[in-house]
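J.: Quick one: the structure is below, and I'll ask about it shortly.
The values are calculated or read from the model by the stated rules, or taken from the named source; none is laboratory data. Everything numeric here is computed off the predicted structure, so don't read it as measured data. Ideal geometry is used to build each Cβ from the backbone, glycine not excepted, and the neighbour counts take in all protein chains shown.
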Amino acid sequence: MANPDFETLYPGVRSWWVEIDDRGEVRREIGFSETLEPIVGAPLGDNVGIFTDLGKAPLKIVGDPIDVHQFENAWRKLRSRYPRLRNTLNVNRPGFSGELVS
């Protein structure tokens with residue numbers, strides 16, 4: 001199972017935010033509920049994610065770029081929901097430009 005902590009939560013995801021680096025690879029992802037609460041994300045703990053596991057951003061991106069602070073706030077909120085899961089983001093990964101899309 002690629003996302004053991006979140007597998008049962010995916011049916012409740014209604015929208016996604018993805019963080020994309022210079023090479024078009026997804027660095028992080030956050031899935032939101034119908035009430036816009038962040039309920040899943042990756043990479044986090046043993047959860048490799050959906051878009052982060054694929055390595056590339058979705059072919060069709062719907063929505064406008066979002067502010068990096070909005071993404072970080074949502075990521076912190078998600079992390080606070082799952083304090084036992086360690087952040088597995090590779091912060092030394094080259095090519096990150098901070099482009100975020102919803």
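J.: How do the pairs read when you match residues in the range 34-50 that are free of Cβ contacts under 8 Å to residues at least 40 places away in the same chain with residues anywhere that are among the basic types (Lys, Arg) and part of a loop (DSSP other than H, G, I, E, B), using Cβ under 6 Å and keeping only pairs 6 or more apart or on different chains?
T.: Glu34/Arg14
J.: Hey, could you check the range 1-28 for residues that are part of a loop (DSSP other than H, G, I, E, B) and touching a Ser or Thr at 6+ places or on another chain (Cβ under 8 Å) and say which is nearest to Gly49 (Cα to Cα)?
T.: Of everything passing the filter in the range 1-28, Val13 is nearest to Gly49 (Cα to Cα).
J.: Here is a further query. More than 13 Å from the chain's Cα centre (by Cα) and among the β-branched types (Val, Ile, Thr) - does that describe any residue in the range 20-31?
T.: no
J.: What's the number of the only condition in (1) in contact (Cβ under 8 Å) with a residue 60 or more places away in the chain; (2) out of contact with any Pro (no Cβ under 8 Å at 6 or more places or on another chain); (3) buried (at least 18 other Cβ atoms within 10 Å of the Cβ) that Asp5 fails to meet?
T.: Here Asp5 meets the rest and fails (3).
J.: Working carefully through the options Gly31, Gly63, Gly41, Gly49, find the one that is among the small types (Gly, Ala, Ser), under 20 Å from Val13 (Cβ atoms), part of a loop (DSSP other than H, G, I, E, B) and modelled with pLDDT of 90 or more.
T.: Result: Gly49 is the single residue among Gly31, Gly63, Gly41, Gly49 that is among the small types (Gly, Ala, Ser), under 20 Å from Val13 (Cβ atoms), part of a loop (DSSP other than H, G, I, E, B) and modelled with pLDDT of 90 or more.
J.: How many of the residues making up the range 6-22 are out of contact with any strand residue (DSSP E or B) (no Cβ under 7 Å at 6 or more places or on another chain) and within 13 Å of Pro58 (Cα to Cα)?
T.: Looking only at that region, the number is 0.
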